[in-house]
Amino acid sequence: MPSDSLSPRSHQTAPADKFVVRGLSFYYGRFQALRGINLAIRERQITALIGPSGCGKTTFLRALNRMNDVIDGARTEGAVLLDSEDIYQPHVDVVALRRRVGMVFQRPNPFPMSVFDNIAFGPRIHGLARGDELDALVERSLRRAALWEEVKDKLRDSALSLSGGQQQRLCIARLLAVDPDVVLMDEPCSALDPISTLRIEELMDELRESYTIVIVTHNMQQAARVSRETGFFLGGELIEFGPSERIFTHPRDRRTEAYITGRFG
Amino acid sequence: MTSPLARHRPLPRRTRRLLANGLMWAGTTLCAAAALVPLGFLLYYVAAQGLPAINLAFFTHLPAPVGEPGGGMANAIVGTLILIGLASLLGLPVGILGGIYLAEFGGNRLGGAIRFSADVLSGVPSIVIGIFVYALVVVPMHRFSALAGGVALGIMMIPTVMRTSEELIRLVPTSLREAALALGATHPRTVFKVVLLAARAGVITGVLLAIARIAGETAPLLFTAFGSGLWSTQLDQPIASLPVQVFTYAISPYQDWQAQAWAGALVLVTIVLILSAAARYATRGRMRTVI
Amino acid sequence: MSAPAPASASPPDGRRASLQRRSAFGANLADRAFRWGTLAFGASVIALIGFLAAQLVRASHPALKQFGWSFITSAAWDPVHGAFGVLFAIYGTVVTSLLALAFAVPVGLGAALFLAELSPRWLRQPVSFLIELLAAVPSIVYGLWGIFVLVPAIRPVEAWLQARFGFIPLFQGAPYGIGMLAAALVLSVMVLPYITAMSREVLQAVPAAQREAAYALGATRWETIRGPVLRSARSGIVGAVILALGRAVGETMAVTMVIGNRAEIPTSLFSPAYTLASLIANEFAEATGELHISALVGAALVLLVLTIAINAIARLLIWRVTGGVRVAA
């Protein structure tokens, strides 16, 4: 249960677990992409997932908001508890789940609509706001994504006219507009230049205070920089998980050390 | 702000969204079914009406004199075959060699112009092509003729054959070409002996597709080959063809002829569908041409 | 090695130098002949189009010169008294085609959505295949089916419509079955496969990333389609519809057999009429006199211009969206 935030010592108690994953396995047809993953992701912090290509980290990330459901021939076993409720139970409304757990993708994918309509898409379909309220919501989301100043005069322009970094921040604003609890990021900076990358990392740091963030990244420096805890995946298994500082300076597992020091991957 | 995950406590909005989703599923499935219904109807009627009128006489006899029962469409069937042959004499060389040009050298402006013209040509209504060939061939010759019909159909073949040839020749891997060139083959030899050989299955099916199309065409023949009730294989005389014969019989007031029209339609549909289906099946997934 | 030796200082194997020279010349010639030969065949298509237009203009010149603009603005078609104006045919062509689209686009688009988005994978190929087979059926067969099956079938429907809604001018006139409605219905079945096939291609070309973004925001299937997918596919689908319009406009045999062939502007759905194509098909063989023939060629010219314009607009739209997927009309 989350601790009472009014208690005087609340900032000292350990943050609660947002996700608890138990024995998660995932199959694409016959191929097993995830093998019995167990871990806990704490709320309101940044957790990084690292590992070489094909190790399952993206598959794991997508399991957290059931995006893997859209793949033909996919099978999931095990449990993923979001605030103590297993999201893989049959009665769970996937649509509501995805509102709470949002996702940013590797390549920015704004809709072929105006900036405003992009942000408004989520609130419109979920019925969150209309008219003036909607305008305010769009502005709030863009401000939270540190994009408002740059696009406030261009709200009716096509989202595709923005630069790569701006488009990615737009995608972040778009998901913030539906008021999620969790933001999943799948290598969000890999298609961006260093300056845009830096801005997104700054953004992540600001968002950390209100949202739980899980980021998959190839960039170990980035993981070390921004995250509080890190998990190392290899061959579909979670090899090691713990405070980032420890993982990157004295990892416990031989394989983690080999990856970190660049011996493979 | 957390919202309940459980679906068993739906808000009105959620059910509305799910309802809309479900309606879409139902609606589009219905549309797909509705799209297939006419095909079913069509094939059913053609078979039901045509089969009773099909007999040996249909394939071997000439049309009986007006009003008399019996007779067949032997001359029309042979006529169609002759017309297809003539059309191929025009359509295949232009189409295939033109397609080769486009595939091998066609990246320039001229190639663009050729492709554009072929596209325009494929959009010209078949009756307009018939009129064109009337002015071009029938008028100077002072008569309708099989030749004119062949020219009209040949012109119609060109865009299809050119397009499929170009696509399939392009699909032949460069490594094959380079292997031939490295052995000292000239460009033309490479194309004719190696590339065409590799692409031949596709090119042939492209040709079959084109033939399937023109076999059923009536409009361009109305004022070129014109049609005939007699046995005729001379190229400079009018010639009967299956589609035109079906048309003539269909609009006639005689029951017997109308029944034979269905039979003719059945034969046409069978040939055309088999050719089309085979051609489409053979090139499935490999070509991106649509219809 | 030093620079290549001149031919006179031939190496012991005299064959090598001569081989070098002769085949270089011969190959060059063969290459050039090949290039120019195939070019000639390819370019003949350009000439063909030009020739076609030229012939039509030449043959229709007498009529066009005599009537000028009234050729397309007048609906007076009287071969006996030498008056020729094709307005009624233009009207018939445009109205039947648009009506056909009105029937075919919703069903065709719905089927395309089904195939592109919703159908299980194993159903996709067979169903698309069958729908596309509709396009392979010859026009004359549609015509046959039209007069003997469709027309008798819609007679009672037309009678019922007249009984219920007869106060609307659209449903007045003798409900014989043959007429504008029958033609529009047959045309709609004929253009349906084109709409479905081309729309399906356009929908499938929408990148998966767009759909993923929408799902990740908690959208349902329908909301994803209604939003980003249709938005991306919009111009391509419009192009497909316009191409289908081009096909409908040029359709001859099936229409001739069910439209009634009357040289008047139709006043209701049940009236007989003419389209440009059916006018030519019906009257050309028995045309009386030079002017009549010339007028019919003029109709062909109008038809040609119409279809070329329609197809050009359509291709522009489709080309832009699918990045160059060649589409057969």
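Values in this text are rule-based calculations from the coordinates and carry no lab data. If you're wondering where the values come from, they're calculated on a predicted model, not measured in any experiment. Cβ: placed from backbone, ideal geometry, glycine included. Neighbour counts: every protein chain shown.
Other protein chain C-beta atoms within 10 Å of residue C-beta, averaged over A:115-128: 4.
Counting only other chain Cβ atoms within 10 Å of each residue's Cβ, the peptide B:159-172 averages 1.
Could you work out the Kirkwood radius for region C:149-291, taking every pair of different alpha carbons, averaging 1/r and inverting it, reported in Å? Walk me through the numbers on the way to the answer.
On the way: mean 1/r = 0.0553 Å⁻¹.
Here the Kirkwood hydrodynamic radius works out to 18.1 Å.
Counting only Cα atoms, region C:22-138 measures 73, 56, 22 Å along its principal axes, largest extent leading. Legend: calculated FRET efficiency, A:Arg107 to A:Arg156, from the Cβ-Cβ distance at R0 = 22 Å, rounded to 0.05, equals 0.35. Against the main long axis of the alpha-carbon atoms of chain C, helix C:121-133 sits at an angle near 70°. Taking only Cα atoms, what is the 0 to 90° angle, nearest 10, from helix A:164-176's long axis to the longest principal axis of chain A? The helix A:164-176 is inclined about 90 degrees to chain A.
Remark: relative contact order (region A:23-159) = 20 percent; criterion is Cα-Cα distance under 8 angstrom and separation of 6 or more residues.
Helical content alone sets the calculated 222 nm signal of the protein assembly as shown at -19000 deg cm²/dmol, taking -39,500 (n - 2.57) per DSSP H segment of four or more residues and averaging over every residue. Farthest toward the positive end of the dipole of chain C, out of C:Leu192, C:Pro156, C:Ser235, is the Cα of C:Ser235, where the dipole comes from beta carbon charges about the Cα centre. Comparing C:Trp160, C:Trp36, C:Trp145 in a Gaussian network model of chain C where C-alpha atoms under 10 Å apart are linked, the largest mean-square fluctuation is found at C:Trp36.
Please compute the Kirkwood hydrodynamic radius of region C:129-199 from all pairs of different C-alpha atoms, in Å with one decimal. Mind dumping the intermediate values first?
Details: mean 1/r = 0.0746 Å⁻¹.
In region C:129-199 this quantity evaluates to 13.4 Å.
Comparing C:Ala219, C:Ala159, C:Ala277, which has the greatest mean-square fluctuation in the GNM of chain C with Cα pairs linked when under 10 Å apart? Sorting by GNM fluctuation, first place goes to C:Ala219. With axes computed from alpha carbons, what is the tilt in degrees of helix A:131-144 against the longest principal axis of chain A, rounded to the nearest 10 within 0 to 90? Roughly 50 degrees, rounded to the nearest 10.
Can you tell me the equivalent ellipsoid semi-axes for chain C? Use √(5λ) from the Cα gyration tensor, largest first, whole Å.
After scaling each eigenvalue by five and taking roots: 49, 35, 16 Å.
Taking all C-alpha pairs of chain A, those more than 34 Å from each other amount to 19 percent. With contacts taken as Cα pairs under 8 Å at a separation of at least 6 residues, chain A carries a relative contact order of 26 percent.
Magnitude of the Cβ-charge dipole of chain B, K/R +1 and D/E -1, about the Cα centre, nearest 20 debye? Don't jump to the answer; show the numbers that get you there.
On the way: 20 positive and 9 negative charges, 386 e Å.
Using Cβ point charges on Lys, Arg, Asp and Glu, chain B gives about 1860 debye.
Counting only other chain Cβ atoms within 10 Å of each residue's Cβ, the peptide C:103-114 averages 5.
Projected label points at C:Asp31 and C:Ile308, each 7 Å from Cα along the beta carbon direction, are separated by 3.7 nanometres.
Net charge in the neighbourhood of C:Leu217 (other residues with Cβ under 12 Å of its Cβ; Lys, Arg +1, Asp, Glu -1) is +3. Dividing the convex hull volume of the alpha carbon atoms of region C:82-208 by its residue count gives 169 Å³ per residue. Would you please classify the overall shape of region C:159-223 from the alpha carbon gyration tensor, given that a ≥ b ≥ c denote the square roots of the eigenvalues, rounded means a/c under 1.5, and beyond that prolate means a/b larger than b/c while oblate covers the rest? In terms of gyration-tensor shape, oblate. Placing pseudo-labels 7 Å out from each Cα toward the beta carbon at C:Ala174 and C:Thr73 gives an inter-label distance of 3.4 nm. Entry note, region B:69-282: relative contact order of 30 percent, from Cα contacts under 8 Å with a spacing of 6+ residues.
Please find, in a Gaussian network model of chain B (springs between Cα atoms separated by less than 10 Å), the residue of B:Ala26, B:Ala34, B:Ala212 whose mean-square fluctuation is greatest. Greatest mean-square fluctuation among the candidates belongs to B:Ala26.
Rg/Rh for the protein assembly as shown stands at 1.07; both radii use Cα atoms, and Rh follows the Kirkwood definition.
With the charge dipole of the protein assembly as shown set up from +1 on Lys and Arg Cβ and -1 on Asp and Glu Cβ about the Cα centre, the Cα lying farthest toward the positive end among the listed residues B:Gly95, B:Asn21, B:Leu36 is that of B:Gly95. A viscosity of 1.306 mPa s and a temperature of 10 °C, combined with the Kirkwood radius over C-alpha pairs in the Stokes-Einstein formula, give region B:69-282 a diffusion coefficient of 86 µm²/s. Under a model in which nothing but the beta-carbon of Lys, Arg (+1) and Asp, Glu (-1) is charged, chain C shows a dipole of about 1300 debye around its Cα centre. Each label was represented as a point 7 Å from its Cα along the Cα-to-Cβ direction; for A:Tyr27 and B:Ala57 these points are 6.7 nm apart. Quick one: Kirkwood hydrodynamic radius for region A:30-155, alpha-carbon pairs, angstrom, one decimal? Over region A:30-155, the inverse of the mean reciprocal pair distance is 17.3 Å.
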